[in-house]
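Okay, so here's the structure we're looking at.
The values are calculated or read from the model by the stated rules, or taken from the named source; none is laboratory data. If you're wondering where the values come from, they're calculated on a predicted model, not measured in any experiment. Virtual Cβ from ideal backbone geometry, glycine too; neighbours counted across all protein chains shown.
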Amino acid sequence: MTVVGRRAATPAVKALATLDSSQLLLICAAGIAAVAGIAYTTAVGLLDSEVAVGFGVLIAAGELARLTMPGNREVAPIGSAAALGYTLLLDMGGHPLRHPALQVIAVLAVGMIAGALPHLAVGRPPRLDAMARRLLTGALLAFAFRPLAEPLHALTPSSRGSWLPALGVMAVLICAMLFVDVVIAAMLRVEQVRTAFRVAVRDELRMAVPLGAAVAASGMLLALASHSMGMVALLVFAAPLLVTQVAFRKYAGIRATYLQTVRALARVTEVAGYVEPGHSRRVSRLSVAVARELGMAEPELLELEYAALMHDIGQLSLRDPIPGGATVLTDPEQARRIAELGAEVIRQTGVLEGVAEIVRRQCDAVSEGPPLASRIIRTANAYDDLVGGSTDRDRAGAALERLRVGAGSEYDPVVVEAMSRVIDRRTPGHRL
Amino acid sequence: MRGLPWPAKVYLIIVIGAAFALIGHDLVAPGQQDAFAQWDTLMVLALLFLLCESLPTLLNIDQVAVSMSFSAALAAVVLVGPEGAAVVGMTAVLSVRPGLALVKRLFNGAQFAICSYSAGQVFVWLGGRSGVPGVDGFEGLILPFAGAAAVFVPLNFLLTATMLWLADGLRADQIPISGMAQFLVSYLGYATFGLLIAGLWATVETISVVLVLLPLFVARWGFGQYHAQQRSYDATIAALCQAVETKDYYTRGHCTRVSLASTMIAQEIGMRSERLRAIRYAGMLHDVGKLGVPTKVLQKEGKLTEEEFAAIQLHPMRGLEIVRGIDFLDEAFAGIMHHHERHDGKGYPMGLAADEIPEFARVIAVADAFDSMTSDRSYRKAKPIETALAELRKGAGTQFDPLMVSAFIKVIDRDGWDPPRTAPADPVERSETVSKDHDDPTTPIQVVSER
């Protein structure tokens, strides 16, 4: 079941209305946890308030410096590491700390809200689902670890023991928390983009492992450093993670720019009047949706999206462009030539070999065994030629009927069926 | 070693000799052996140093590989004293980085030993006590450590730069100043990791190393990904721009050359690296809008009607329309839109004059006209560089910004103009020739008035 925006009046209402049911559930759970934590802490009073304020400020700063990774995933590595550190804290400069799990949640919630406010002030509303996920996983770890803090501290060298048991428990619990986080993220993703759960878990895992490792190490570092360095640790600990954050921000930036640039330059065929306005964008959206329906994982999805955007770029090399573009109505030899020329252009980049291959084989018949991505693009391209930007149901149905006639020879029947499911689901305003 | 000029050889021998003298002196001097008593700590640090040294990280600076070994050397300064640190530094000789010549290994080992030793002496001189710091001894560590780092970084830089200068004749003005500042700052940032390792040693010993370095290795991986994407992106944008140009055989490669020339001018007038990147892309994309101009107008012989000329004048706007969806190009947008404005205000599309024209557009205008004049056209052969520069000089103050023209002439005089030529493709099959070039200032487009 999907809740879809229906003419929302204000941005806030719109932000709420575009959430689907599992997101709402998550946000409610996080809200309850936050309220419980804050209420408990105000009632009982803040233990070791200096430490709590210090970590709260760091969490807020991390939240302020959040970044968006490829695939529209919001992360706040510094904030997450600070939250981890506060959860795992055993003592500060030798003075044992006994703050309960609910206080951890309160500090986390207040810090996150404080960090989100400046973003809100400049008109960037928070991604509520991402914040809720961070808060909930933090809360889970706090409930699991805080009761153990006292016995673990008794084992540390300050009371003639070793740090190893504490470190081991920390590592195991953090791994468990990261896994839960991945599963929640995958569940959200399944509902958001309509892909298979198994594929979503793999995609999320691929994205989460590097940053998760850095965050986990920094969180433990912070907890340990507080033992010998006291509050100074808060200042110096952030350095390694800051470098990581810079690296990932740059990476995310170039990934976003890359996609935008390909999208923009794919439009030259439209500006030059070779194809209908919006054609390449529509074909790429439809292709990606169909590929997700068929369980394609993210790295291949990206190649598919690039290929779909540039599938007509070969037109630029033709002396006399085909009026109206390379439609289903074009002579097959001509279409094949455009595909070859387009692949040639893309191969010039020297890096997009896979994309070039997909474009080159986009006109192959099913019997020639072209890659799945090529089969998807061929079908999506034909559908868009027949329907264009129209959302008329009858027209869509007629176009699908026509594709079914060609299924088996021109079009892959599996792809056609997946496409009919995607189109059936599509309602005006549904996000892809 | 054979390839080195003799001053470099002398310098190399001096540096290696100095390193041996420092370590040898301490081996024989009485009362100094305690440092080597902590051989287990020393071994761990040396291993760590070697590991980091073998995996240099390309940070956001292109020219220099920074390795995290520096953090390990500074941690050694605290934990095992100056002599131990010198030994740790020396292990750079054993670095497993492939393709590193023996001479370079020797030099790296020697210079790291000298740097570590000097940093260690400063550390002791500022009151730092070498050895594993106690759990409460952290605050007393900060000042001496800062002093040690402040000596290590410049000394390391000085020793290496002297070698490069002697060996390759690297001139001082070839080192970009802004890049240098960034380099030093990131180096000082790395110093804090050394402090963290040393400060945590008392608590969890070697595990502290893992915890500190894990985020750094992830960062290294992230930077690697970033650089790979960046290279891929540059190649893609160039290929796509060239695809747009395949429409016209004679302007093939125009975008990459304009991009190059624009970057040269921008560098000469001292633009910062972020803006340099933006102007590189702006130069690349400046003519994508030409595709929106009907081919028959571009191919028409003789004079154009006002309507046809208006179609040509629209191409900067068309270009803007195409690239508007790309986020980072804020300033580049202005450059693309206004690259046909003239200094005297008679250009298009808006008729801006002098300072009203965005800086990017003034740069691109010069680069654009220059490349057009120095390339073959269907109606004439390419002009020699000198003639083109003379034309630019003539147009300075009327068509072009004099500042940009003089900067361009200066940089061409110094570095020459040798752009990569694109391989000539078959001109018959794929392209058509255009009888006029809107970029060529020596052959202005003639317009017949319809009135």
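Which one of the conditions (1) assigned to a helix (DSSP H, G or I); (2) at pLDDT below 90 does A:G273 fail to meet, given that it meets all the rest?
With respect to (1) assigned to a helix (DSSP H, G or I); (2) at pLDDT below 90, A:G273 is out only on (1).
What single numbered condition from (1) assigned to a loop (DSSP other than H, G, I, E, B); (2) more than 22 Å from the chain's Cα centre (by Cα) fails to hold for A:G71?
(2)
Can you name the condition, by its number, that A:Q23 falls short on among (1) modelled with pLDDT under 90; (2) crowded, with 19+ Cβ neighbours inside 10 Å; (3) under 30 Å from B:Y226 (Cβ atoms)?
For A:Q23, the exception is condition (3).
Give B:T251, B:T206 a once-over and let me know the one that is assigned by TED's automatic domain parsing to the domain that holds B:D413 and touching a residue at least 60 places away in the same chain (Cβ under 8 Å).
Result: B:T251 is the single residue among B:T251, B:T206 that is assigned by TED's automatic domain parsing to the domain that holds B:D413 and touching a residue at least 60 places away in the same chain (Cβ under 8 Å).
I'm told B:Q230 meets every condition in (1) over 29 Å from A:D312 (Cβ atoms); (2) at pLDDT 85 or above; (3) at the interface with another protein chain (Cβ under 8 Å from one of its Cβ atoms) except one. Can you identify the failing condition by its number?
(1)
Filtering the range A:74-99 down to residues that are in contact with a Lys or Arg (Cβ under 9 Å, 6 or more places away or on another chain) and more than 14 Å from every other protein chain (Cβ to nearest Cβ), which residue is nearest to A:A166 (Cα to Cα)?
It comes out as A:T87.
So which of A:L178, A:L155, A:L211, A:L224 ends up being buried (at least 18 other Cβ atoms within 10 Å of the Cβ) and within 22 Å of A:H99 (Cβ to Cβ)?
Working: A:L178 fails: within 22 Å of A:H99 (Cβ to Cβ); A:L155 fails: buried (at least 18 other Cβ atoms within 10 Å of the Cβ); A:L211 fails: within 22 Å of A:H99 (Cβ to Cβ).
Only one candidate qualifies: A:L224.
Going by the conditions given, is A:L211 assigned to a helix (DSSP H, G or I) and away from chain B (no Cβ under 12 Å)?
The answer is no for A:L211.
Which of the residues spanning the range A:262-311 are more than 14 Å from chain B (Cβ to nearest Cβ) and over 18 Å from the mean Cα position of the chain (by Cα)?
A:E276, A:H279, A:R282, A:V283, A:L286, A:S287, A:V290, A:L294, A:A308
From the list B:A72, B:A65, which residue is under 27 Å from the mean Cα position of the chain (by Cα) and at pLDDT 80 or above?
The match here is B:A72.
Hey, could you check the range B:211-238 for residues that are in contact with a strand residue (DSSP E or B) (Cβ under 7 Å, 6 or more places away or on another chain) and not basic (K, R) and say which is farthest from A:L302 (Cα to Cα)?
Initially, the range B:211-238 is screened for residues in contact with a strand residue (DSSP E or B) (Cβ under 7 Å, 6 or more places away or on another chain), giving B:220, B:223, B:227.
If we keep only those that are not basic (K, R) too, we end up with B:223, B:227.
Working: B:F223: 20, B:H227: 18 Å.
Here the answer is B:F223.
Name the residues in the range A:239-261 that are buried (at least 24 other Cβ atoms within 10 Å of the Cβ) and more than 7 Å from every other protein chain (Cβ to nearest Cβ), would you?
A:Q245 - this is the single residue of the range A:239-261 that is buried (at least 24 other Cβ atoms within 10 Å of the Cβ) and more than 7 Å from every other protein chain (Cβ to nearest Cβ).
Would you please name the residue that is nearest to B:Q230 (Cα to Cα), looking only at residues in the range A:349-365 that are free of Cβ contacts under 8 Å to residues at least 24 places away in the same chain and away from chain B (no Cβ under 14 Å)?
The residue in question is A:E357.
Identify, from the list B:F400, B:F333, the residue that is touching a His at 6+ places or on another chain (Cβ under 7 Å), assigned by TED's automatic domain parsing to the domain that holds B:R318, aromatic (F, W, Y) and modelled with pLDDT of 85 or more.
The match here is B:F400.
B:A146 passes all but one of (1) surrounded by fewer than 22 Cβ atoms within 10 Å (Cβ to Cβ); (2) over 24 Å from B:T206 (Cα atoms); (3) modelled with pLDDT of 80 or more; which number fails?
(2)
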